[in-house]
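Here the structure comes first, spelled out in structure tokens, and everything after it is commentary.
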Amino acid sequence: MALRLYDSLSRTVRPLEPADPPVVRVYGCGPTIYGRAHIGNFRTFIAYDVLHRYLEWKGYEPRFVVNLTDVDDKTIEGAARAGTDLGSFTAPHGEAFLADAATLGIRPFFDTPRATEHVDEMVEWIRRLEEKGLAYRAEDGSVYFRISAFPEYGRLSGNRADGETGRSRIDADEYDKDDVRDFVLWKAARDADRAVGAVWDSPWGEGRPGWHLECSVLSVGALGETLDLHLGGEDLLFPHHENEIAQSQGATGHIFARAWMHTKHLRVEGQKMSKSLGNVYSVPELVERGHAPAAIRHLMISAQYRKELNFTFDGLEGSARAVQRLVALHRRLHDETTVDDAAEPAGLAPAAEAALEAFEAALDDDLNSSEALAALFGFLRDVNTSLDRTGGRARSDELEAARDALASMDRVFGLLELAMADDAVDDDLATWVEQKIADRKQARADKDWARADAIRDELTERGIVLEDTPQGTRWSQG
Ligand code: AMP
Ligand code: ZN
């Protein structure tokens, strides 16, 4: 089956058709590294990661590039406020982003280029655009893109160059443009830029690249002139992506991106994220409050990337419980089932097959991660029902099939992977708990009830909850 994605340019769901399969060239707009990325940003980056992992799952070879915007108004202001130079200011924010991404199980990307490392190429691009009559120099030494010379402008957003619609802002310092809609490619240096070292030489004098240009140059530089897929949050569609298309197709003469994917913005407790509402959470803040990264990740993929998603603390608790059920399923399939090759089939193999089929169909359908999760949790219920019925016995072949299906789905979801990594830290704890359970069993066999109770109390104190079942004692961290 083919992976179909909603393409914002053609406004249709279309099969992914990479130019050069199995390679898939993907570029996603990354964070501006002027502060800690928030969970809204991470809705977008987890969606990137689900796509990244699913492309691999389907046998593609994704080349997935996500940039770090390290020079723009916000980073320059941040450096000035911190009283340092631009590079010293952005470096720790870049590191923090990569660390938070790893915390949430986002796999390393093929490349994460920083804009300031490619300014020479950006200057070269502007020169090319100038030669083609697509750029002009203003009196102050800034260079602008001439939208009127690029008739295709507006195809992505519907905001045409010949109308007044959609102009989101006109910067106060962009006063001498030929046309208000033209956007900056090179910004002439101001004192504020010089003060933090955000200036580079160019044929037009000292200055710095415009934000839109950064993404065109970084993506084409890393992946070639035509991308298979370009990603970003919905807010970037206009003017950022429209401008990227104009610059890129203007400079190279080739289609810039064969398809465009945009993620819907996360809301928090029903509201838009904003500093004034105090609902802009970072990953470390949530982890410090005791929320597991796997739970955050589960919540983020519980809605398909184009659907409304409301982050709530109730929802996060629900996600934590869902992850615990998955971990329990993993433990049951690996440690708590008795292998009995003479037994009747418990039905695990057909359940695994059906789940994988539903999982793939859901993700093929425009990365419908919520439907894919439903397939996983349907599987969880089926396995538990079957094993309850057989008294925890299963044949080795079907056990193998069930374990493989769980592992396979988790290659995309990355939930067990994260939860078990958390658990790995707790491996010592697990060993300790298992030993205590064994001691308690022995104490009960010896009818030493006081000792058995004391062991249970000791476990309770450590937050371990015991459940005695006909198949033995199960434990969980309450
Ligand atoms: P920025 O650091 O502001 O450049 O944003 C980095 C990425 O996060 C962009 O693709 C944005 O569209 C995306 N983004 C920003 N806010 C949200 C949000 N609330 N929900 C989802 N994505 C967001
Ligand atoms: Zn971008």
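The values are calculated or read from the model by the stated rules, or taken from the named source; none is laboratory data. These figures come from a predicted structure and were not determined experimentally. Note that each Cβ is placed from the backbone with ideal geometry, even for glycine, and that neighbours are counted across all protein chains shown.
The table below gives the values:
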quantity: Restricting the stretch 425-478 to residues that are among the small types (Gly, Ala, Ser), part of a helix (DSSP H, G or I) and more than 29 Å from Gly391 (Cβ to Cβ), the residue that is farthest from the chain's Cα centre (by Cα); calculated: Ala450
quantity: Ala91 modelled with pLDDT of 95 or more, surrounded by fewer than 17 Cβ atoms within 10 Å (Cβ to Cβ) and either among the aliphatic types (A, V, I, L, M) or within 12 Å of ligand 1 (Cβ to nearest atom) (or both); calculated: yes
quantity: Helices (runs of 4 or more DSSP H) within the stretch 275-374 that include 1 or more residues farther than 25 Å from Ala407 by Cβ; calculated: 283-288, 313-335
quantity: Which numbered condition Leu231 misses (of (1) closer than 18 Å to Thr12 by Cα; (2) of a type in the set (A, V, I, L, M, F, W, C); (3) more than 9 Å from ligand 1 (Cβ to nearest atom)); calculated: (3)
quantity: Residue satisfying condition, being at pLDDT below 95 and under 21 Å from the mean Cα position of the chain (by Cα), within set Ser319, Ser282, Ser274; calculated: Ser274
quantity: Where a residue in the stretch 224-243 is over 21 Å from Glu121 (Cβ atoms) and its partner, wherever it lies, is within 9 Å of ligand 2 (Cβ to nearest atom) and part of a strand (DSSP E or B), with Cβ under 6 Å and at least six apart; calculated: Leu231/Gly28
quantity: Subset tally (residues that are part of a loop (DSSP other than H, G, I, E, B), among the aliphatic types (A, V, I, L, M) and within 14 Å of ligand 1 (Cβ to nearest atom)) for the stretch 10-41; calculated: 2
quantity: Residue match in the stretch 328-341 (condition: among the aliphatic types (A, V, I, L, M), in contact (Cβ under 8 Å) with a residue 24 or more places away in the chain and over 30 Å from Ala452 (Cα atoms)); calculated: no
quantity: Residue match in the stretch 42-59 (condition: more than 26 Å from Leu373 (Cβ to Cβ), of a type in the set (S, T, N, Q) and in a helix (DSSP H, G or I)); calculated: no
quantity: In the stretch 262-274, the residues that are out of contact with any Phe, Trp or Tyr (no Cβ under 9 Å at 6 or more places or on another chain), within 12 Å of ligand 1 (Cβ to nearest atom) and not in a strand (DSSP E or B); calculated: His265, Ser274
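Here's the yes/no breakdown for (1) among the small types (Gly, Ala, Ser); (2) out of contact with any Gly (no Cβ under 7 Å at 6 or more places or on another chain):
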| position | (1), (2) |
| --- | --- |
| Val199 | no, no |
| Val220 | no, yes |
| Gly232 | yes, no |
| Met261 | no, yes |
| Ser274 | yes, yes |
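One line per residue, one yes/no per condition, for (1) touching a helix residue (DSSP H, G or I) at 6+ places or on another chain (Cβ under 7 Å); (2) part of a loop (DSSP other than H, G, I, E, B); (3) more than 16 Å from ligand 1 (Cβ to nearest atom):
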| residue | (1), (2), (3) |
| --- | --- |
| Leu185 | yes, no, yes |
| Gly205 | no, yes, yes |
| Leu213 | yes, no, no |
| Ala222 | no, no, yes |
| Phe238 | no, no, no |
| Gln249 | no, no, yes |
